[in-house]
1. Describe numerically, in nm with one decimal, the distance between label points set 7 Å from Cα along Cα→Cβ at ASN2 and at ASN93.
2. State the percentage of accessible surface on the chain attributable to carbon and sulfur atoms; use a 1.4 Å probe and exclude ligands, DNA and RNA.
3. Please check: in the Gaussian network model of the chain (C-alpha springs, under 10 Å), which one of GLY71, GLY124, GLY132 has the largest mean-square fluctuation.
4. Could you sort out which of LYS27/LYS122; LYS167/LYS200; LYS5/LYS27; LYS27/LYS105; LYS105/LYS201; LYS5/LYS201 sit more than 22 Å apart by Cα distance in this structure?
5. Per residue, how many Å² of accessible area does the chain show with a 1.4 Å probe?
6. So, R0 is 30 Å and r is the distance between the beta-carbons of GLU18 and THR107; what FRET efficiency does that work out to, to 0.05?
7. Is region 107-241 best put as rounded, prolate or oblate by its Cα gyration tensor, with a ≥ b ≥ c the root eigenvalues, rounded for a/c under 1.5, and otherwise prolate when a/b is larger than b/c, oblate when not?
8. Dividing the alpha-carbon radius of gyration of the chain by 2.2 N^0.38 Å (N being the number of residues), what value is obtained?
Amino acid sequence: MNLQKFPDYNTLSQRTAEQMAAVINRKPDALLCVASGDTPTETYRRFVALVQAGKVDISRCSFVGLDEWVGFGPEDVGSCSHSLYRDLFTPLNLRPDLIYVFNAKSTDLQAECTRIDAVIRKWGGLDLLLVGMGMNGHIALNEPGTPFNLGCHVAELAESTKTVGQKYFDQETQLTKGITTGLRHLAEARAVILIVSGEKKAPMLRQALTGPITEEVPASIVQTRTDACVWVDEDAGRLLV
């Protein structure tokens, strides 16, 4: 792994934004899969600034949303796609045909999984997968115990994920399932960046990076990628040598 520890969250975010730009500058028609959540928010703000400053041309690249709560969509505050539109897609003024997100309100969720898998396959794979790590070690909504070889799938949410997920909503919201890209996509992506911020993530991060590679700790799959960028701030990396 390319493990780097940055002095603070802002430095981590700036470096990640620059790497996103570098991927696109190398391949202008790149396909990027991007996470929602708190950790990448500043990365996206800084990436948008790079685009607006003319440092990178995004006119030919496309974006895939990493995951979504089942039953929610871009119009719902608290949804994964809502935050991606707010923080990234809308500020970038992306054309709709360059955005691929799960329709988690679909009556056929398996067809949605097939659709996003097909998008990734049509593009010849992901050029960049940008992900964070949950408190229980999940990546996207691949909860502990999820097979590493799955593509897009519908996931039963862990109790801890249901609890932590409440922070994105204005009122208590029932979360039961998610629809998500799979860990197979992480294994196959041309480039992977895992970003982790905050001291509360430190124990799980140490377990994921130094413990056994196991489906019980989904983030441990990054150990199988010698080229994966695992970029953390000082607080998240406090237990790492």
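1. 3.1 nm
2. On the way: 5200 of 10520 Å².
Here carbon and sulfur together make up 49 percent of the probe-accessible area.
3. Residue with maximal mean-square fluctuation among GLY71, GLY124, GLY132: GLY124.
4. Numbers: LYS27/LYS122 16 Å; LYS167/LYS200 15 Å; LYS5/LYS27 27 Å; LYS27/LYS105 33 Å; LYS105/LYS201 31 Å; LYS5/LYS201 14 Å.
Cα-Cα > 22 Å for LYS5/LYS27; LYS27/LYS105; LYS105/LYS201; rest within.
5. Numbers: 10520 Å² over 241 residues.
Using a 1.4 Å probe on heavy atoms only, each residue of the chain averages 44 Å².
6. Values: r = 41 Å, r/R0 = 1.38.
Result of the calculation: an efficiency of 0.15.
7. oblate
8. Working: Rg = 16.5 Å, N = 241, 2.2 N^0.38 = 17.7 Å.
The chain yields a ratio of 0.93.
The values are calculated or read from the model by the stated rules, or taken from the named source; none is laboratory data. This structure is a prediction, so every number in the text was calculated from the model and none was measured. Every residue, glycine as well, gets a Cβ built from its backbone with ideal geometry; the counts of neighbours run over all protein chains shown. The area values use the complete protein model at the heavy-atom level, side chains included, leaving out ligands, DNA and RNA. Shrake-Rupley method; radii C 1.70, N 1.55, O 1.52, S 1.80 Å.
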